[in-house]
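The values are calculated or read from the model by the stated rules, or taken from the named source; none is laboratory data. Nothing here was measured: the structure is a model prediction, and the numbers come from that model. Reconstructed Cβ throughout: ideal geometry from the backbone, glycine too, with neighbour counts over all protein chains shown.
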Amino acid sequence: MKVLFLNPPYFPMFSRESRSPCVTKSSTLYWPMFMAYAAGCVEEDGNEILVIDSPAMDLDLQGTLDKIKSFRPQLAVLNTSTPSINNDMRVGKAIKDAAAADGYNCDISMMGTHATAEPLEILEREMAVDYVISGEADYTARELVRFLRADGEKGPDEKKKILGISWRKGEEMVRNPERPKIENLDTLPWVSKVYRKHLFSCYKRYFYGANINPLIVILSGRGCPFRCTYCVIPQTLTGHTYRKRSIKDVVDEMAYIKAEFPDLGEIFFEDDTFTAHPSRTAELCQEVINRGLKVTWSANARADVKYEVLDVMKKAGCRELCVGFESSSMEVLKNVKKGLAGGMSEKFMDAANKAGILIHGCFMVGNLGDTKDTLQGTLEMAKKLNPNTAQFYPIMAYPGTTAYDEARTRGELASEDYDQWLDKDGQHNTTVIRKGLSSQDLVDFCDRARREFYLRPAYIAKQAKMALLNSRERYRVLRGAGTLVKHLFKRHGAPQQSSGYSANAKPRAASSHSHTPQETVRETKPTAAPSAEAIKA
């Protein structure tokens, strides 16, 4: 069976699989990692696949349709996110319409964080969408393809057995129970092999502003044991149990990447918290050392890793850790269930500096309990910690998260029109408001914080020295700075025009992810979608 996996066209350089999907201010473009994992599972099951990443391939809608035309897929699996969902539904409709015009049928399915949070809403709003995949898509997509390629040998009631899908039965919409999380992650194809076979032409297009590029992004495990209220991936896709690949499987893949990707800058472990189990982290690092594998890598971590673990990570090739400090206020950290005690961030930074590991610091404003004073305190904390790079962003509350439900319940969600999650340039435009702080206030603060952090003379001198003395860091510094400077004195947050798929178009009693699994929901038919031609390039 022919199956298309599509990261749809939207804003140029739009990163759909970021934890806060947007067009970044640092020229970052994410690999479509979760989509590629699912594609690998479907291909391994004997199907012919086409993987298209339109943002990475600089394809607008027409260019994407042209690339699909000769393949004639029987199923298209589209990657989604909350800020892009209205656009993604239009793309799905355009693919189905183009297939019909060419005389064949293409079923449309959607996957990703928003698809998991609001599957019934998607089916309600866009008749062109046939299936929505919730949770981890790997085995669900594979089972859906097995059902579809049976050519009618299986009755429609067999759809009820496909865990993790929502589907339409006449005017009814059915949400099947979600599939259990994958326990043996070693059974999944290496995502790097999917990249190598299907996205190698884009290899050097992907860029992470804090990392040595080009880079390859993989997972050593899925799920996060921590319960931060705002973090969308554990609350939708991967869950709160950290399921780990075997150390041998991970290090084998690292060796494959080093051999197969020329000019590799580094490997990035996109685990929500790579250091969640410190003993396992140390064991993995020791295996890298024992094999004599010389490869640079980075990972996501919490500000609670001890020096002894950081030291062995550095010896194994760890260059940098991406760490969410978020706020200087203990009250705010408690409200968002971050679980960091007072003074922990400072101790962690001291240990990281001693070990020689760089830190990319993440700071978030507009959380429950934030005031103008706590925002300023967070900025001062960022300057004091002085990570190698930093990002300041307003709270982006996505459906499926506690943060979204909390803001909605408190009447602090300014809009439920998903187009308003981004500004007219595709950058963050939070819809959350707090007492004494409008959405624009939060965006304005981030603009100011970015200027004050990056324009410090001592910081500029440090980065200039790094660029001069380290050729591997030079490209990152110069490209990131060149993009960032365009945004430092610009005011962000001007909303984009509503697409017509507004969530305010009809009353919503509750988020659709609150429906009981295997529930059949009778809904009215969705209204017609806006024309495909309205989509952004």
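Hey, among the residues in the stretch 379-388 that are assigned to a helix (DSSP H, G or I) and not charged (D, E, K, R), which one's surrounded by the fewest Cβ atoms within 10 Å (Cβ to Cβ)? Spell out the reasoning first.
Within the stretch 379-388, the first condition is being assigned to a helix (DSSP H, G or I), and the residues that meet it are 379-385.
Okay, now just the ones that are also not charged (D, E, K, R), so 379, 381-382, 385.
Values: Leu379: 22, Met381: 18, Ala382: 21, Leu385: 22.
Looking at the filtered set, the residue picked out is Met381.
Report yes if some residue within the stretch 155-166 is over 24 Å from Ser15 (Cβ atoms), in contact with an Asp or Glu (Cβ under 6 Å, 6 or more places away or on another chain) and crowded, with 17+ Cβ neighbours inside 10 Å; otherwise report no. Working first, answer last.
Step one: of the stretch 155-166, the residues over 24 Å from Ser15 (Cβ atoms) are 155-166.
Pick out the ones that are also in contact with an Asp or Glu (Cβ under 6 Å, 6 or more places away or on another chain) and you get 162, 164.
Narrowing further to those that are crowded, with 17+ Cβ neighbours inside 10 Å: 162, 164.
Yes, the stretch 155-166 contains a residue that is over 24 Å from Ser15 (Cβ atoms), in contact with an Asp or Glu (Cβ under 6 Å, 6 or more places away or on another chain) and crowded, with 17+ Cβ neighbours inside 10 Å.
What are the residues in the stretch 301-347 that are β-branched (Val, Ile, Thr) and assigned to a strand (DSSP E or B), if any?
Hit for the stretch 301-347 is Val323, nothing else.
Taking the options Thr275, Thr281, Thr296, Thr241, name whichever one is polar (S, T, N, Q) and within 23 Å of Ala117 (Cβ to Cβ).
Details: Thr275 fails: within 23 Å of Ala117 (Cβ to Cβ); Thr281 fails: within 23 Å of Ala117 (Cβ to Cβ); Thr296 fails: within 23 Å of Ala117 (Cβ to Cβ).
Every option except Thr241 fails the conditions.
Of the residues Gln420, Gln391, Gln440, Gln376, which single one is closer than 30 Å to Glu266 by Cβ and either in a loop (DSSP other than H, G, I, E, B) or not hydrophobic (A, V, I, L, M, F, W, C) (or both)?
Gln391
Just the residues that are among the polar types (S, T, N, Q) and closer than 17 Å to Glu326 by Cβ, please, taken from the stretch 381-438. It would help to see each step written out before you state the result.
Of all residues in the stretch 381-438, those among the polar types (S, T, N, Q) come to 386, 388-389, 391, 401-402, 409, 415, 420, 427, 429-431, 438.
Within the stretch 381-438, Asn386, Thr389, Gln391, Thr401, Thr402, Thr430 qualify.
Within the stretch 74-85, how many residues are out of contact with any Phe, Trp or Tyr (no Cβ under 6 Å at 6 or more places or on another chain), crowded, with 22+ Cβ neighbours inside 10 Å and outside any strand (DSSP E or B)? Reasoning before the result, please.
Here is the first cut: in the stretch 74-85, the residues out of contact with any Phe, Trp or Tyr (no Cβ under 6 Å at 6 or more places or on another chain) are 74-76, 78-81.
Among the residues that remain, those that are also crowded, with 22+ Cβ neighbours inside 10 Å are: 75-76, 78-81.
From the residues that got through so far, the ones that are outside any strand (DSSP E or B) too are 81.
Counting residues in the stretch 74-85 that are out of contact with any Phe, Trp or Tyr (no Cβ under 6 Å at 6 or more places or on another chain), crowded, with 22+ Cβ neighbours inside 10 Å and outside any strand (DSSP E or B) gives 1.
Surrounded by 13 or more Cβ atoms within 10 Å (Cβ to Cβ) and either modelled with pLDDT of 95 or more or more than 28 Å from Glu320 (Cα to Cα) (or both): does that describe Asp441?
Numbers: surrounded by 13 or more Cβ atoms within 10 Å (Cβ to Cβ): yes; either modelled with pLDDT of 95 or more or more than 28 Å from Glu320 (Cα to Cα) (or both): yes.
So Asp441 fits the description; yes.
Could you run through the stretch 208-222 and say how many residues are buried (at least 22 other Cβ atoms within 10 Å of the Cβ) and within 22 Å of Met364 (Cα to Cα)?
Number of matching residues: 3.
Just give me the residues in the stretch 348-373 being assigned to a strand (DSSP E or B) and more than 25 Å from Ala403 (Cβ to Cβ), in sequence order.
Let us first name the residues in the stretch 348-373 that are assigned to a strand (DSSP E or B), namely 358-365.
Leu358, the sole residue that qualifies.
So how many residues does the stretch 20-52 have that are in contact with a strand residue (DSSP E or B) (Cβ under 7 Å, 6 or more places away or on another chain) and not hydrophobic (A, V, I, L, M, F, W, C)?
Total meeting the criteria: 10.
Might you let me know whether the stretch 36-43 holds any residue that is part of a loop (DSSP other than H, G, I, E, B) and at pLDDT 95 or above? Outline the logic, then answer.
Filtering the stretch 36-43 for residues part of a loop (DSSP other than H, G, I, E, B) gives none.
Scanning the stretch 36-43, I find no residue that is part of a loop (DSSP other than H, G, I, E, B) and at pLDDT 95 or above, so the answer is no.
Among Lys294, Lys315, which is at pLDDT 95 or above, of a type in the set (D, E, K, R) and under 26 Å from Phe207 (Cβ atoms)? Reasoning before the result, please.
On the way: Lys315 fails: under 26 Å from Phe207 (Cβ atoms).
Going through Lys294, Lys315 in turn, the sole match is Lys294.
Take the stretch 394-411 and flag every residue that is outside any helix (DSSP H, G or I) and either crowded, with 19+ Cβ neighbours inside 10 Å or of a type in the set (A, V, I, L, M) (or both).
Answer for the stretch 394-411, where residues must be outside any helix (DSSP H, G or I) and either crowded, with 19+ Cβ neighbours inside 10 Å or of a type in the set (A, V, I, L, M) (or both): Pro394, Ile395, Met396, Ala397, Tyr398, Pro399, Gly400, Thr401.
Only one of Gly369, Gly342, Gly361 is without any contact (Cβ under 8 Å) to a residue 24 or more places away in the chain, touching a helix residue (DSSP H, G or I) at 6+ places or on another chain (Cβ under 9 Å) and closer than 26 Å to Leu437 by Cβ; which?
Details: Gly369 fails: without any contact (Cβ under 8 Å) to a residue 24 or more places away in the chain; Gly361 fails: without any contact (Cβ under 8 Å) to a residue 24 or more places away in the chain.
Only one candidate passes the filter, namely Gly342.
Mind counting the residues in the stretch 252-284 that are free of Cβ contacts under 8 Å to residues at least 60 places away in the same chain, assigned to a loop (DSSP other than H, G, I, E, B) and surrounded by 20 or more Cβ atoms within 10 Å (Cβ to Cβ)?
Within the stretch 252-284, the subset free of Cβ contacts under 8 Å to residues at least 60 places away in the same chain is 252, 254-255, 258-259, 262-264, 266-267, 269, 271-283.
When the remaining residues are screened for being assigned to a loop (DSSP other than H, G, I, E, B), the result is 262-264, 271-277.
Next, only the ones that are surrounded by 20 or more Cβ atoms within 10 Å (Cβ to Cβ) stay: 271-276.
Qualifying residue count, the stretch 252-284: 6.
For the condition touching a Pro at 6+ places or on another chain (Cβ under 9 Å) and either among the aliphatic types (A, V, I, L, M) or at pLDDT 95 or above (or both), what is the one hit in Ala117, Ala101? Working first, answer last.
Values: Ala101 fails: touching a Pro at 6+ places or on another chain (Cβ under 9 Å).
After ruling out the rest, the residue left standing is Ala117.
Go through Lys462, Lys424 for me and flag whichever is assigned by TED's automatic domain parsing to the domain that holds Ile233, over 24 Å from the mean Cα position of the chain (by Cα) and at negative phi. I'd like the intermediate steps shown before the answer.
Numbers: Lys424 fails: over 24 Å from the mean Cα position of the chain (by Cα).
After applying the criteria, what remains is Lys462.
Got a sec? Which of Val295, Val332 is closer than 23 Å to Arg245 by Cα and surrounded by fewer than 24 Cβ atoms within 10 Å (Cβ to Cβ)? Give the steps one after another, and end with the answer.
Numbers: Val332 fails: closer than 23 Å to Arg245 by Cα.
Just a single option satisfies the conditions, and that option is Val295.
Which residues, taken from the stretch 353-394, are aliphatic (A, V, I, L, M) and either in the same structural domain as Lys25 (by TED's automatic domain parsing) or touching a Lys or Arg at 6+ places or on another chain (Cβ under 9 Å) (or both)? Break it down into steps so the answer makes sense when it comes.
Going residue by residue through the stretch 353-394, those that are aliphatic (A, V, I, L, M) are 355, 357-359, 364-365, 368, 375, 379, 381-382, 385, 390.
Passing the criteria: Ala355, Ile357, Leu358, Leu368, Leu379, Ala390.
When the stretch 44-63 is examined, which residues are found to be assigned to a loop (DSSP other than H, G, I, E, B) and within 19 Å of Asn87 (Cα to Cα)?
Going through the stretch 44-63, the residues assigned to a loop (DSSP other than H, G, I, E, B) turn out to be 45-47, 58-60.
Passing the criteria: Asp58, Leu59, Asp60.
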